[in-house]
Amino acid sequence: MAEAEKSEAQDVITLKVEFTGGLEMLFSNIKEHKLSLPAKDEQDKATTVNYLVDYLCKKVMKDRRKELFVQDGTVRPGILVLINDADWELEGEGSYELQPEDNILFVSTLHGG
Amino acid sequence: MAEAEKSEAQDVITLKVEFTGGLEMLFSNIKEHKLSLPAKDEQDKATTVNYLVDYLCKKVMKDRRKELFVQDGTVRPGILVLINDADWELEGEGSYELQPEDNILFVSTLHGG
Amino acid sequence: SKVSQWPLLSEEYERYGRQLIMPEVGLKGQLHLKGSSILIIGIGGLGCPAVAYLAGAGVGTIGLCDGDYVERSNLHRQILHNTYKIGISKVDSAIDYLKALNPNVTYCTDTPASRYLISDTCVLLGKPLVSASALQTNGQLNVFNFPARPVGDLTGGPCYRCMFPKPPPPESVLTCGEGGILGPVVGVMGVLQALEAIKLIASGNIHCRLTDQGYSDGERVSDDSQAPQGLIFSAYSSTPFRSFKMRRRRGNCAACSSHAIITRESLRSGSMDYAQFCGAISPISAL
Amino acid sequence: SKVSQWPLLSEEYERYGRQLIMPEVGLKGQLHLKGSSILIIGIGGLGCPAVAYLAGAGVGTIGLCDGDYVERSNLHRQILHNTYKIGISKVDSAIDYLKALNPNVTYCTDTPASRYLISDTCVLLGKPLVSASALQTNGQLNVFNFPARPVGDLTGGPCYRCMFPKPPPPESVLTCGEGGILGPVVGVMGVLQALEAIKLIASGNIHCRLTDQGYSDGERVSDDSQAPQGLIFSAYSSTPFRSFKMRRRRGNCAACSSHAIITRESLRSGSMDYAQFCGAISPISAL
Ligand SMILES: [Zn+2]
Ligand SMILES: [Zn+2]
């Protein structure tokens, strides 16, 4: 799907990044973001989910309370990261190398009932 | 996804065909079928959903009660056909030309409550 | 006595506090709910949880419609009724429960009808229809006729007849009595009906009024993401919930198109025989 | 008097008939349900619909656990309670309702605990945990510790600590009182909890017994399609339900791994301070 939108040729990866469970509040209340990331980082390595988290923090997140999204260099406790609808642990966590059209979903876990 | 499995080269289209709402009973109680269909029909035209319905009737359906699946040359009243999670009316109904990796879902509508 | 300055009673601020503080509802949404009326057709496996959450949320007027009496075989899924209500009418049993849950709501009663008659009536009256069904381990949910634009306006939401112009052959239709039903399967669908109704009403976008310039239906944006969606549920599937894009209105629909043959007059005169149209399925068992 | 030849009372055949005729339940599944016991922790927005459908389905013994009293602000979503029960304990209010719905079930009571303590206890006792939560317009559902293999066995299902080894910072946690909640949103999650529990029990695959050859847990096939799944719900999203593949057990989990530091002894002695572990969140509001 949407094959035409892929653009590896320009060394850019397009991703669908989503926030839910209330986490969208930290991202201008937008639940679904279409992002284009470089395919390689400064060290010419494939960009990873860790790179994405850093990018979101620096380039996308307007809210100043960064500690509600990242702590100790990774997503804070209580945030679930799903890579194409699988817990990121099954995909290598932060070191997972992003693929074109990947869907990355950040879910803040809820405690109400 | 599953790009490697595409095989247009051999003029074959692979599809995911699903049955739900009780309709799976007519198809050996299997809800999810991976099918490979020729990309062109006998008249060298692209194969359509109509072709698939005919194929399902003749090659896949073991149940003899064909009238519970097709009537008057199309799926019987009360069966909803979804092409990639959209009502087939939005895609041209039976004349929709099948694409590789399409997901075709047949749902028998329910009347209980 | 003086008229209160407050749009809600203090009891109501307390009762609805947890939804009042949400931007999706707010005081405006709560007043929409209070000013709305909903007809629940069938107080069975779907209607029981649906009406409980609708009454809980403060829908001002609720019509209840069911000709059946409570049976023991209902109780695994029809959770408003109970063992002591066996033999009592479902409508009376439900009103007992509902008055205790929320005495602020007005409850009325009516008699049941078939899915086609319900849909046709909604089209003619310009009302949306939140429809669901469930059998065995499966459930389905659709909002029909939303936006509820006038007959002949193809930008309105599809009606039940648009999706199912012909009834299914009677031999293909199973009832809960024949096919069985898991309680929480129908329960989930009933709760989701309540949720869809609350979303429609609280948003304020349900109101579809005839103005000089034609119909207006609130601020509803008609981009693709807002296209009417259906939901299918299959409890034992690896993807239990699937949302899908519903079709548009059918250009030759017997109820909602410019070629409609169903009119207020034909409904009133009884010239439409719904039981005959649906074959052997009785209106009640087809609910 | 003679012992009955029938495994169920005639009242029960009638009451459960609609689920008995389904292959997913059947007489065998009904007997599993009758022989099972379930502890419901919290009789709030999730527990109310969950326990109604579990009692309705004929789970033999139900433990109810909640230290709170019914408040008016509960009633838009806690549909077993009602206006006349305001001020009464939720456990007593629920038992009133449940005994009327299904007098065949045995009801017991207990005191509440935090999510971590509940998960740790389930791991130590070899019990699956059907966990859900909801806030505002969102809900989540996970089955933890299923299959409930012994501590140290990495083929068991992940526990709550595998997924959340560290509690979230207290300032990031909202309660229903602060954030608000739509009744049917939490209602759907509660009904789905009941459904998951019924599926686990009726299948007969829940039983995880220590045998000479190690643990056996029924006929559960461990192919990928059976991998534990989680569900997230977002009422206003265009894809309201999303299923996802859950992680495996964590090799260094404090509760379920071979490096576990949580033991029956540490729980009994009270050396684990769960309130402190979770920061300022009180155990009840964190439910
Ligand atoms: Zn129509
Ligand atoms: Zn663990």
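The table below gives the values:
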| item | result |
| --- | --- |
| Size of the A/D contact, given as accessible area buried on both chains, probe 1.4 Å, in Å² | 2700 Å² |
| Innermost chain C residue relative to the axis carrying C onto D, by Cβ distance in angstrom | C:241, 2 |
| Cut-off under 5 Å, modelled amide H: who pairs with residue C:181 long-range | C:136, D:19 |
| Karplus 3J(HN,Hα) series, Hz, for the range D:170-186 with 6.51 cos²θ - 1.76 cosθ + 1.60 (x for Gly, Pro) | x, 5, 8, 9, 9, 9, 4, x, 7, x, x, 7, 7, x, x, 5, 6 |
| Summed side-chain charge close to residue A:67 - residues other than residue A:67 whose Cβ falls under 12 Å, Lys, Arg +1, Asp, Glu -1 | +1 |
| Rotationally averaged projected area of chain D (alpha carbon convex hull; nm²) | 17.8 nm² |
| Surface accessible to a 1.4 Å probe, per residue, for the residues of the range A:9-108, Å² | 48 Å² |
| Position residue C:154, label points 7 Å along Cα→Cβ, spacing to each other copy in nm (shortest first, one decimal) | 6.0 |
| Percent carbon-and-sulfur accessible area, the protein assembly as shown, ignoring ligands, DNA and RNA, probe 1.4 Å | 51 percent |
| Estimated distance in nm for a label pair at residue D:31 and residue B:16, the labels positioned 7 Å out from Cα along Cα-to-Cβ | 3.9 nm |
| Dipole-positive endmost among B:28, B:94, B:51 within the range B:11-108 (Cβ charges, Cα centre) | B:28 |
| At 1.306 mPa s and 10 °C, Stokes diffusion of the range D:1-151 via Kirkwood alpha-carbon radius, µm² per second | 94 µm²/s |
| Per-residue SASA entry for residue C:236, accessible area with 1.4 Å probe, Å² rounded to 10 | 90 Å² |
| In Å², nearest 10: area of residue C:259 left accessible to a 1.4 Å probe | 120 Å² |
| Total formal charge among the other residues, if their Cβ is under 10 angstrom from that of residue D:73, Lys/Arg +1 and Asp/Glu -1 | +2 |
| J(HN,Hα) series, the range A:101-113, from Karplus relation 6.51 cos²θ - 1.76 cosθ + 1.60, nearest Hz, glycine and proline x | 6, 4, 10, 10, 10, 9, 10, 7, 6, 9, 10, x, x |
| Interchain or long-range residues, amide H under 5 Å from residue C:41's placed H | none |
| Computed over the range B:11-108, the ratio Rg/Rh where both radii use C-alpha atoms and Rh is Kirkwood | 0.93 |
| Label distances, nm, residue C:92 versus same residue in remaining copies, Cβ-directed 7 Å point | 3.0 |
| Cα gyration tensor, the range C:232-271 - rounded (a/c under 1.5), prolate or oblate | oblate |
| The range C:250-265 - phi-based ³J(HN,Hα) in whole Hz, Karplus 6.51/-1.76/1.60, Gly and Pro as x | 8, x, 10, 4, 5, 10, 10, 9, 5, 9, 4, 10, 9, 10, 4, 5 |
| Cβ-based net charge around residue C:25, under 14 Å, with every Lys or Arg adding one and every Asp or Glu removing one | +4 |
| C/D buried area, accessible surface, summed, 1.4 Å probe, Å² | 5300 Å² |
| Beta bridges by DSSP in the protein assembly as shown, antiparallel share as percent, to the nearest 5 | 70 percent |
| Amide H contacts of residue D:110 (H built 1.01 Å from N, under 5 Å, at least 5 apart or other chain) | D:64, D:65, D:66 |
| The range A:9-108 - share of DSSP beta bridges that are antiparallel (%, nearest 5) | 80 percent |
| Accessible area per residue, Å², chain D with all protein chains present, probe 1.4 Å | 40 Å² |
| Volume of the Cα convex hull of the protein assembly as shown, divided per residue and given in Å³ | 213 Å³ |
| Chain C - share of DSSP beta bridges that are antiparallel (%, nearest 5) | 65 percent |
| Filtered trypsin sites (Lys or Arg not before Pro), the range D:1-81: DSSP coil and at most 15 other beta carbons within 10 Å | D:2 |
| Inter-copy label distances at residue D:238 (7 Å, Cα→Cβ; nm, one decimal) | 2.6 |
| Stretch gain in nm, segment residue C:238-residue C:275, where the contour uses 0.36 nm per residue and the Cα spacing is subtracted | 9.6 nm |
| Lys, Arg +1 and Asp, Glu -1 on Cβ, resulting dipole of chain C about Cα centre, debye, nearest 20 | 340 debye |
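The values are calculated or read from the model by the stated rules, or taken from the named source; none is laboratory data. This one's a predicted model, so the numbers in the text were calculated from it and none came from an experiment. With ideal geometry, Cβ positions are generated from the backbone for all residues, glycine too; neighbour counts draw on all protein chains shown. Please note that ligands, DNA and RNA were not included when accessible areas were found on the heavy atoms of the full protein model with its side chains. Shrake-Rupley method; radii C 1.70, N 1.55, O 1.52, S 1.80 Å.
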